[in-house]
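Undergrad: What follows is a structure written as structure tokens; I'll ask about it next.
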Amino acid sequence: MNAHTSSVLILDDDDAVRESFMDYFEDRGWLVTAAATAGEGLEALAHGTPDCAVIDIRLPDMDGNEFIREAGRRNIRFACVLCTGSPEYQPPTDIAALPQVSGQVFAKPVTNLSELENTLRRQIETYRTKEEHPHA
Amino acid sequence: MRFGSITFKLLSLIAGAFIITTLSVLLAADIQLTQIIDKSQNAMYAERIATILGILTRSNERLQKTGLVEAYVADFKESALRVLRQTYYKRPHQSIYPFILDADGKVVIHQTLPTGDLSLRQTEIGQKMLASPEGDFEYIYLGQQHWCMFKQFTEWGWVIGYTVPLKIKYADARMFRTVLVFIMGWITTLALLTLSLIVARFTKPITRLTHISTQIAAGKLDQQIELGGSDEVGTLARSFVRMRDSIQQQILELTMERKRAANILEGTNAGTWDWNVQTGEVTFNERWAEIMGRTLEELEPIDIQTWMKNVHPDDLPRAQTQLELHFSGKQDYYDIEFRQPHKDDDWVWVNARGKVVEWTPDGKPLRMSGTHVDITERKRTQEMLIQSEKMLSVGGLAAGMAHEINNPLGGMMQTASVMSDRLSNVELPANQRAAEEAGTSMAAIAAFMNARGIIRMLGRISESGRRAAEIVRNMLSFARKSDATFSTHNLAELLDQTVDLAGSDYDLKKKFDFRQIEIVREYEENLPEVSCESGKIQQVFLNILRNGAEAMQEENEELSMKNEALKKSRFVLRLTHEQEAERVRIEVADNGPGMNAATRKRIFEPFFTTKPVGQGTGLGLSVSYFIITENHSGEMRVESAPGKGTIFIIRLPLNRSQA
């Protein structure tokens, strides 16, 4: 379907959620890596930078925001879509200001997975454009 | 001057004394006078008789000297009588005349009777005169009282008498008496007049005081009491003034006290009751009835039954228990809250308080007094507060557990979604590959899944998960919100947008079209904008519209099952500006089946629903209520009765901070 196979990191501590995302994206031809903790996620990043990531906020070791910051500190940047089960969650200003983070936050349960997929693709495009023309 | 007054009594006494004195004088004078007259008359007539006797004696002496008594006796008698006729009998007084009878009682000489008449011999006069030598007596002759004096002339056997009518005998005495009565009468009259003037002068202050006291007794206290003088009356008047002032002061204090009590009662807006526990008699004030929207006249006859009949039957036993506890001394006061029926078909909450103020000698309650205060508003506020607290706690609970529920829901629903995709998506290369590897085709698998209803089942899982997620989202609405998301909106626009949204959204059973409901708009022109959170207000409108539409739909379904004509469903939307209150009033009225009081009272309770399990979350209206009352400081209530449709009334302050 897609000429270019995109890669996605699924970071979620809930097994069922993580697996459902993995299954969905694998079916759609994505290259999927998954991590249940931020530590595992950072380890995965060490092996290669994905095009994008679906990041849960509440994680057992550090939260999703901190994971993005930590990756940033290690100069690893990729398109991010936040997905959380906390209905009241608002991204902190420093995270919201990052060019790689999508303004749309997904609430669990994600009832429309294709919308998430579309958002990921758009965010990859947007971030890539911004990186190529940082001052555009 | 009245009988019984002091003046009258004094004057009567004086007049009495005068009359008694006068009568005594008259009586004494009369007795004295009669005696004098009797003596003089006796002497006078005795002398006259003596003179006649003298004439007769001298004539008899001359007869004796002749020596020829037998021969001349008749001549001498005739000659003596001639002399008498020429003197005493010549022109005798008409009624006073002497007469002579002989020893046989025959008339010798008489004014009217002829000589030799014997008529007097048998009379009282004749008898008495012949019985003794001399004397006097009174007798009645021809109805007139007479007095007679007589003396015998023994030589010739004659009796010489004089007879006088008493009228003539006492004529002088009568004359004197008349004059005396006349004089005494005049003196008495004059004396009484003079005395009455003097007495009146003395008693005048008393009369005035009497008049004043009568006026004071009649309640006219501001009388002028100016009675100087140092006598008893003056002293009396001064004590009178003091007494009047003291009474006036006490009346003033009493009046003020009563007014104060009445003001306090009025200030508390309390109904009052005064109960004779032994007889059941009760006195209520007007306010007592007014609390129930009635007048005392409407409630007649008034007794303790009036109260018993006007307490909610569920509350009455509790009230009676309270009374007994107070009567038995276990509680100092009777204090209870109960419901009373209001004229407009509703119940009002009343706080009744009271105390026994009088006991019978054997320790039974005699009189009990107390008040009724309408606490319906307080109860309502209390209930609203409880409701809000309930909702807030639901909200707090939801905030804590939302994440924990949403994650499993995510696992479940997302997995179901992927499953559905894998089992029915014939286009998906991964599916096709796997089907081929398994020795079948994706089309066959999809056909199987559809035939066995697997995709529908997965849809059910997703649908149930969605509902659970909606409940969590709704529960999260029960939380206090900051002003950050508030902006001004035109409610007419918001309402119209919501109606459009409902038209596209309403598909609960896919067989009812919201757009078939008639919408009547009664919007006031130039409505001011309202500061609100538009999304939340739309959520409220949507909940109300959905609730009404479902109710109207259900009614029509029932009608169609009974093969009856369907009702044309209609919403009436009203928007008005309450300028005084600085509020906009939103009314959403449907012509559906309405609801009974029990449902109406619970409609805003979280998780209260009349719908079958699985069809409603029971949160829509309670979330709406919370959004309006908590987040927008507004008011939300419902008016409804079976068969009369339902009206939701929302009042939103123009500015939340002003509410």
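Undergrad: Rounded to the nearest 0.05, what FRET efficiency is calculated for B:Asp38 and B:Leu118 with R0 set to 30 Å and r the Cβ-Cβ distance? List each step's numbers first, then the result.
TA: Details: r = 32 Å, r/R0 = 1.07.
Once rounded, the FRET efficiency stands at 0.40.
Undergrad: If you don't mind, another one. For a quick check: with amide H placed at 1.01 Å from N, whose amide H comes under 5 Å from B:Glu578's, ignoring anything fewer than 5 positions away on the same chain?
TA: Close amide H contacts, sequence-distant or interchain: B:Arg583, B:Val584, B:Arg585.
Undergrad: What does a probe at B:Ala191 reach in the range B:22-54, counting residues whose amide N is under 16 Å from the point 7 Å along Cα→Cβ?
TA: Output list for this probe position: B:22-29.
Undergrad: Could you grab the relative contact order for chain B? Cα pairs under 8 Å, six or more apart, rounded to a whole percent. Don't skip to the answer; put the middle values down first.
TA: Values: 819 pairs, mean separation 43.7, N = 659.
7 percent.
Undergrad: Sticking with this one: In the range B:1-123, carbon and sulfur make up what percent of the accessible area (probe 1.4 Å)?
TA: On the way: 4680 of 7880 Å².
It is 59 percent, rounded to a whole number.
Undergrad: Which value at 222 nm does chain A reach when only helices count, each DSSP H run of 4 or more adding -39,500 (n - 2.57), with the total divided by all residues and rounded to the nearest 500 deg cm²/dmol? Intermediate results must be reported in sequence, preceding the final value.
TA: Numbers: 5 runs with 57 residues, N = 136.
Computed ellipticity for chain A at 222 nm equals -13000 deg cm²/dmol.
Undergrad: Let me ask something additional. With r defined as the distance between the Cβ atoms of A:Asp15 and B:Asn351 and R0 fixed at 51 Å, what FRET efficiency is calculated, to the nearest 0.05? Can you show the working numbers first?
TA: Working: r = 60 Å, r/R0 = 1.17.
It comes out at approximately 0.30.
Undergrad: Using a 1.4 Å probe on the protein heavy atoms, what percent of the accessible area of the range B:271-372 belongs to carbon and sulfur? Before the final figure, lay out each step's value.
TA: On the way: 2630 of 5520 Å².
For the range B:271-372, the apolar C and S fraction of the accessible surface comes to 48 percent.
Undergrad: About its Cα centre, how strong a charge dipole does the range B:1-160 have in debye, to the nearest 20, once Lys and Arg get +1 and Asp and Glu get -1 at the Cβ? Let's see the in-between values first.
TA: On the way: 16 positive and 15 negative charges, 111 e Å.
Around 540 debye, computed over the range B:1-160.
Undergrad: Using per-residue counts of other Cβ atoms within 10 Å, averaged over each peptide, order A:59-71, A:40-52 from highest down. Before the final figure, lay out each step's value.
TA: Values: A:59-71: 18.6, A:40-52: 16.8.
Most protected by this proxy first, the peptides run A:59-71, A:40-52.
Undergrad: So which lysines can B:Lys259 reach, going by Cα to Cα under 26 Å and dropping same-chain residues fewer than 8 places off?
TA: Leaving aside lysines fewer than 8 places away in the same chain, those within reach of B:Lys259 are B:Lys220, B:Lys355.
Undergrad: At 0.36 nm per residue, minus the direct Cα-Cα distance, what do A:Arg77 and A:Leu98 gain on full extension? Give it in nm, one decimal, please. Before the final figure, lay out each step's value.
TA: On the way: separation 21, 0.36 × 21 = 7.56 nm, distance 1.00 nm.
That works out to 6.6 nm of additional length.
Undergrad: Right, another one. Compute the long axis of helix B:454-476 from its Cα atoms, compare it with the longest principal axis of the Cα atoms of chain B, and write down the angle in degrees, 0 to 90, nearest 10.
TA: 50
Undergrad: Can you give the average number of partner chain beta-carbon atoms within 10 Å of each beta-carbon in peptide A:76-89, as a whole number? The partial results should precede the final answer.
TA: Values: counts 0, 0, 0, 0, 0, 0, 0, 1, 4, 10, 6, 10, 5, 1.
Rounded to a whole number, the mean comes out at 3.
Undergrad: Treating the angle as unsigned and between 0 and 90°, give the value, to the nearest 10°, between the Cα long axis of helix B:376-424 and the longest Cα principal axis of chain B.
TA: With rounding to tens, the tilt is 10 degrees.
Undergrad: Looking at B:Leu575, B:Gln32, B:Gly161, which one has the Cα that reaches farthest to the positive end of the dipole of the protein assembly as shown (charges on Cβ: Lys, Arg +1; Asp, Glu -1)?
TA: Of the candidates, B:Gly161 comes out farthest on the positive side.
Undergrad: Could you order B:Ile140, B:Ile125 by accessible surface area, starting with the largest, using a probe radius of 1.4 Å? Before the final figure, lay out the partial values.
TA: On the way: B:Ile140 115, B:Ile125 25 Å².
Accessible-area ranking of B:Ile140, B:Ile125, largest first: B:Ile140, B:Ile125.
Undergrad: Obtain the nm distance between the two label points defined at B:Glu437 and B:Glu493 by a simple spin-label model: each point lies 7 Å from its Cα along the Cα-to-C-beta direction.
TA: Going by the 7 Å Cα→Cβ label model, 5.7 nm.
Undergrad: Quote the accessible area belonging to B:His211 in square angstrom, nearest 10, computed with a 1.4 Å probe and with ligands, DNA and RNA left uncounted.
TA: Here the residue's solvent-accessible area equals roughly 100 Å².
Undergrad: Which trypsin sites (Lys or Arg not before Pro) does the range B:403-459 hold that lie in a coil by DSSP with at most 11 other beta carbons within 10 Å?
TA: Numbers: sites: B:Arg422, B:Arg433, B:Arg452, B:Arg456; in loops: B:Arg452.
For trypsin sites (Lys or Arg not before Pro) across the range B:403-459 that sit outside H, G, I, E and B with at most 11 neighbouring Cβ atoms in 10 Å, the list reads B:Arg452.
Undergrad: Give the residues of the range B:345-377 whose amide nitrogen is closer than 18 Å to a point set 7 Å from the Cα of B:Asp303 in the direction of its Cβ.
TA: Zone members listed by number: B:366-368.
Undergrad: So, one more: Angle between the Cα long axis of helix B:534-561 and the longest principal axis of chain B, 0 to 90 degrees, nearest 10?
TA: For helix B:534-561, the angle is close to 80 degrees.
Undergrad: In Å², nearest 100, what accessible area do chains B and A bury in total when the solvent probe is 1.4 Å?
TA: Summing both chains' loss of accessible area gives about 1800 Å².
Undergrad: Report the full-extension gain for the segment B:Thr279 to B:Ile31: residue separation times 0.36 nm, less the Cα-Cα distance, to one decimal in nm. Could you put the intermediate results ahead of the total?
TA: Numbers: separation 248, 0.36 × 248 = 89.28 nm, distance 7.94 nm.
So the chain would gain 81.3 nm between B:Thr279 and B:Ile31.
Undergrad: Return the equivalent ellipsoid semi-axes of the range B:196-237 as a descending list in whole Å, where each equals the square root of 5 times an eigenvalue of the C-alpha gyration tensor. Could the numbers behind the result be given before it?
TA: On the way: eigenvalues 83, 31, 9 Å².
That gives 20, 13, 7 Å for the three semi-axes.
Undergrad: While we're on this one: Using θ = phi - 60° and the Karplus curve 6.51 cos²θ - 1.76 cosθ + 1.60, what whole-Hz ³J(HN,Hα) does each residue of the range B:289-294 get, with Gly and Pro shown as x?
TA: Running phi through 6.51 cos²θ - 1.76 cosθ + 1.60 with θ = phi - 60° gives 7, 4, 4, 9, x, 10 Hz.
Undergrad: Roughly how many Å² of B:Trp359 are accessible to a 1.4 Å probe, to the nearest 10?
TA: It works out to around 110 Å².
Undergrad: Another one. Averaged across the residues of A:15-25, what count of C-beta atoms belonging to other chains lies within 10 Å of each residue's C-beta?
TA: Details: counts 2, 9, 10, 3, 4, 10, 4, 1, 8, 6, 1.
What the average comes to for A:15-25 is 5.
Undergrad: While we're looking at this one, here's another question. Provide Rg and Dmax in Å for the range B:103-201, with only Cα atoms included in the calculation.
TA: Reported Rg and Dmax, both Å: 23.5, 79.
Undergrad: Per-residue ellipticity at 222 nm for chain B, helices alone: DSSP H runs ≥ 4 residues times -39500 (n - 2.57), over residue total, nearest 500 deg cm²/dmol?
TA: Working: 18 runs with 349 residues, N = 659.
Calculated from helices alone, the mean residue ellipticity at 222 nm is -18000 deg cm²/dmol.
Undergrad: Rounded to whole Hz and in sequence order, give me ³J(HN,Hα) for the range B:99-113 from the Karplus expression 6.51 cos²θ - 1.76 cosθ + 1.60, θ = phi - 60°, writing x for Gly and Pro.
TA: With coefficients 6.51, -1.76 and 1.60, one gets 8, 10, 10, 8, 5, 8, x, 7, 5, 8, 8, 7, 4, 10, 7 Hz.
Undergrad: For the full complex of protein chains and a 1.4 angstrom probe, list B:Asp30, B:Asp75 by accessible area with the highest value first.
TA: B:Asp75, B:Asp30
Undergrad: Using only atoms on other chains, find how many Cβ atoms lie within 10 Å of each Cβ of peptide B:411-423 and report the average.
TA: Numbers: counts 10, 4, 8, 15, 8, 2, 9, 10, 2, 0, 6, 3, 0.
Rounded to a whole number, the mean comes out at 6.
Undergrad: Keeping all protein chains in the complex and leaving out DNA, RNA and ligands, what accessible area do you get for B:Ser213 with a 1.4 Å probe, in Å² to the nearest 10?
TA: 40
Undergrad: FRET efficiency for B:Thr376 and B:Leu265, Cβ-Cβ distance as r, R0 = 22 Å, nearest 0.05? Let's see the in-between values first.
TA: Numbers: r = 19 Å, r/R0 = 0.87.
With R0 = 22 Å, the Cβ-Cβ based efficiency is 0.70.
Undergrad: Next up: Of the listed peptides B:54-61, B:282-289, what is their order by residue-averaged count of other C-beta atoms within 10 Å, with the highest listed first? Walk me through the numbers before you get to the answer.
TA: Numbers: B:54-61: 15.2, B:282-289: 18.0.
So the order, starting with the most tightly packed, is B:282-289, B:54-61.
The values are calculated or read from the model by the stated rules, or taken from the named source; none is laboratory data. None of the values given here were measured: they were computed from a predicted structure. Backbone-built Cβ (ideal geometry, glycine too); neighbour counts: all protein chains shown. Heavy atoms of the whole protein, side chains included, go into the accessibility calculation; ligands, DNA and RNA do not. Shrake-Rupley method; radii C 1.70, N 1.55, O 1.52, S 1.80 Å.
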